[in-house]
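Encoded as structure tokens, the structure appears first; notes follow it.
The values are calculated or read from the model by the stated rules, or taken from the named source; none is laboratory data. Everything quoted here is computed from the prediction, not taken from an experiment. Because the Cβ atoms are built from the backbone with ideal geometry, glycine has one as well, and the counts that use them run over all protein chains shown.
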Amino acid sequence: MLVINNFEERTYIDESKSVEIYFEKNDVYILFSKNDAKVCIINKNIEFLVDAENNWVGLCIKDITKENLNILRHSLS
């Protein structure tokens, strides 16, 4: 299960509050559901988060370079 209380920084919430983006060290979490992630499907540095009913709830992009993190942060501000 993914626990979002431990994220360092919530950077972006869209107007409808259906997408939230969090940064944790060199990782970015993009959540598009309030459901808890129960399964994580890993493909290289991308983790797809799935709830108990097999719905996609988000994804995590791991090990992003500092330069790309800064570009993403800037684009969301």
Just for segment 16-40: of the residues that are outside any loop (DSSP other than H, G, I, E, B) and hydroxyl-bearing (Ser, Thr, Tyr), which one is modelled with the lowest pLDDT?
22
Of everything in segment 41-64, what is touching a residue at least 24 places away in the same chain (Cβ under 8 Å), in a strand (DSSP E or B) and surrounded by fewer than 14 Cβ atoms within 10 Å (Cβ to Cβ)? Give them in sequence order.
none
Going through segment 37-67 one residue at a time, which ones are out of contact with any strand residue (DSSP E or B) (no Cβ under 9 Å at 6 or more places or on another chain) and closer than 17 Å to residue 24 by Cα?
65, 66, 67
I'd like to know if segment 5-14 contains one or more residues that are assigned to a strand (DSSP E or B), surrounded by fewer than 16 Cβ atoms within 10 Å (Cβ to Cβ), at pLDDT 90 or above and of a type outside the set (Gly, Ala, Ser).
no
